[in-house]
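Contents: one structure, followed by commentary.
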Amino acid sequence: MYWPIPVDPRDVSVDALVQMFRSLGYEDAGLDAHPESAVEKVALFGSALFYTHAARQLPNGKWTSKLGKAEDIEHDTPHDVGGGIYGELVRIMKRPVRPAIE
């Protein structure tokens, strides 16, 4: 199994997920879900014990999530999928948009 950081891939803590996104060039954005020009954001969800879900902000400012084996969905805010089995929104991370590789 590939895991992009030198942490046990069985570590399912929110901190391990944050480290993974940092290794990919993301930085902490607190809970700021507002769209920013030339910035991509991910919303991280979890509990005190483990991470449960992540959502990605689309260029149009909406968010997208993969809910289990179902199709991807679009939603207006990260809070739209928070709670229940998807956990609570715990952090948003961001990085500059990377140019497309041709």
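The values are calculated or read from the model by the stated rules, or taken from the named source; none is laboratory data. All values reported here derive from a predicted model rather than from experimental measurement. Virtual Cβ from ideal backbone geometry, glycine too; neighbours counted across all protein chains shown.
Looking at (1) aromatic (Phe, Trp, Tyr); (2) in contact with a helix residue (DSSP H, G or I) (Cβ under 9 Å, 6 or more places away or on another chain); (3) under 16 Å from Met93 (Cβ atoms), which is the only condition Phe50 fails?
(3)
Could you grab me the full set of residues in region 63-94 that are crowded, with 17+ Cβ neighbours inside 10 Å and charged (D, E, K, R)?
Arg91, Lys94
Looking only at residues in region 38-62 that are without any contact (Cβ under 8 Å) to a residue 24 or more places away in the chain and surrounded by 12 or more Cβ atoms within 10 Å (Cβ to Cβ), which one is farthest from the chain's Cα centre (by Cα)?
Lys62
Give region 41-55 a look and list any residue that's under 25 Å from Glu71 (Cβ atoms) and either at pLDDT below 95 or among the hydrophobic types (A, V, I, L, M, F, W, C) (or both), or say none.
Val42, Ala43, Leu44, Phe45, Gly46, Phe50, Tyr51, Thr52, His53, Ala54, Ala55
If you scan region 16-37, which residues turn out to be free of Cβ contacts under 8 Å to residues at least 60 places away in the same chain, surrounded by 12 or more Cβ atoms within 10 Å (Cβ to Cβ) and either farther than 17 Å from Ser65 by Cβ or of a type in the set (Asp, Glu) (or both)?
Of everything in region 16-37, those that are free of Cβ contacts under 8 Å to residues at least 60 places away in the same chain, surrounded by 12 or more Cβ atoms within 10 Å (Cβ to Cβ) and either farther than 17 Å from Ser65 by Cβ or of a type in the set (Asp, Glu) (or both) turn out to be Ala16, Gln19, Met20, Ser23, Glu36.
Across region 36-67, what is the number of residues that are of a type outside the set (A, V, I, L, M), part of a loop (DSSP other than H, G, I, E, B) and either more than 22 Å from Ser13 (Cβ to Cβ) or in contact with a Phe, Trp or Tyr (Cβ under 6 Å, 6 or more places away or on another chain) (or both)?
Going through region 36-67 one residue at a time, the tally reaches 6.
Among the candidates Ala33, Ala70, which residue alone is among the hydrophobic types (A, V, I, L, M, F, W, C), in contact with a helix residue (DSSP H, G or I) (Cβ under 7 Å, 6 or more places away or on another chain) and assigned to a loop (DSSP other than H, G, I, E, B)?
Going through Ala33, Ala70 in turn, just one is among the hydrophobic types (A, V, I, L, M, F, W, C), in contact with a helix residue (DSSP H, G or I) (Cβ under 7 Å, 6 or more places away or on another chain) and assigned to a loop (DSSP other than H, G, I, E, B): Ala33.
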